[in-house]
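Asker: Sharing a structure here in structure tokens format.
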Amino acid sequence: MINNWLKVNFSDFFTKKAKQDKLRARSWFKLDEINRKYNLFKPNINVIDLGSSPGSWSQYAINKIKPNGKIIACDILSMYPINGVKFIQGNFCNDKIFYKLIEIGKNNIQLILSDASPNISGISLIDNKNFYNLLIKIILLCRKVLTKNGNLVMKIFYNREINRYMKIISLLFTYVKINKPIASKSKSKEVYIIAIKYKF
Ligand SMILES: C[S@@+](CC[C@H](N)C(=O)[O-])C[C@H]1O[C@@H](n2cnc3c(N)ncnc32)[C@H](O)[C@@H]1O
């Protein structure tokens, strides 16, 4: 009960703080928390940020990968420019956008972030299938652009299939964890898969 109260009030806290700090979204705090725990960002790494709009993750990442790191961000929606971030507008599951990411990624990406989620219908069969399709696309992207020992952070909605997702990802990465950041609303089913050290 108290735990729930704390989470709801933390949630307000993060929304207010994001405004105060002129961050594009409260999601910034989720990535910060994940990074503090898993130490994913290093100077000069290259990053793909999927589902990037309005841009708080790119905003966070660009400060961590200075001076020579690059970010390729992609979203169906538009995004106001961020210095040092190359933005591609479109659905990354669409072949044209997918191959553009591969072309620009040049097999030299050390971190893939995905905060994208398909539209939630509330029908678990459909929602699980949509997340599964997203997962497969992201895995294909890892195969094409992620360097050995690279990392992946991917949002999913907690569901019955999660163990299956973890098994699939474990084939490709040395460690796979699930994280629910404090900044994530407690009533939201979202969790993040953190996949560390790409094996290939
Ligand atoms: C929660 S928001 C991301 C917030 C972002 N990480 C930030 O910090 O500002 C999720 C975004 O994913 C995008 N999205 C969902 N599915 C996508 C897809 N298949 N391709 C590209 N963008 C997608 C949505 O348009 C939405 O802007």
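Asker: With each pseudo-label sitting 7 Å past Cα toward Cβ, what's the I76-N159 distance in nm, one decimal?
Answerer: 1.5
Asker: Assuming 0.36 nm per residue, please report the length gained on full extension of the stretch R36 to E103 beyond their Cα-Cα distance. Write out the running numbers ahead of the final one.
Answerer: Working: separation 67, 0.36 × 67 = 24.12 nm, distance 3.07 nm.
Difference between extended and current length: 21.0 nm.
Asker: At 222 nm, what helix-only mean residue ellipticity would the chain give, in deg cm²/dmol to the nearest 500, using -39500 (n - 2.57) for each DSSP H run of four or more?
Answerer: Working: 6 runs with 82 residues, N = 200.
Using -39500 (n - 2.57) per qualifying helix, the result is -13000 deg cm²/dmol.
Asker: To check you understand DSSP bridge types, tell me what percent of the beta bridges within region 2-198 (both residues inside) are antiparallel, rounded to 5. Walk me through the numbers on the way to the answer.
Answerer: On the way: 12 of 30 bridges.
Restricted to region 2-198, the bridges split so that about 40 percent are antiparallel.
Asker: Just subtract the alpha-carbon distance of N149 and I123 from 0.36 nm times their residue separation and send over the number in nm, one decimal.
Answerer: Working: separation 26, 0.36 × 26 = 9.36 nm, distance 3.63 nm.
Result: 5.7 nm gained on full extension.
Asker: Could you tell me the relative contact order of the chain? Use alpha-carbon pairs under 8 Å, at least six residues apart, and round to a whole percent.
Answerer: Details: 351 pairs, mean separation 39.7, N = 200.
Value for the chain: 20 percent.
Asker: Measure off 7 Å from each Cα along the Cα-to-Cβ vector at K199 and K187, then give the distance between these two points in nanometres to one decimal.
Answerer: Going by the 7 Å Cα→Cβ label model, 4.1 nm.
Asker: Still on this structure, please answer the following. Quick check for me: using +1 on Lys/Arg Cβ and -1 on Asp/Glu Cβ, what's the dipole size of region 16-105 about its Cα centre, in debye to the nearest 20?
Answerer: Numbers: 16 positive and 7 negative charges, 92 e Å.
Value, rounded to 20: 440 debye.
Values in this text are rule-based calculations from the coordinates and carry no lab data. The structure presented is a predicted model; accordingly, all values stated were derived computationally and were not measured. Cβ coordinates were reconstructed from backbone atoms using ideal geometry, including for glycine residues, and neighbour counts include every protein chain displayed.
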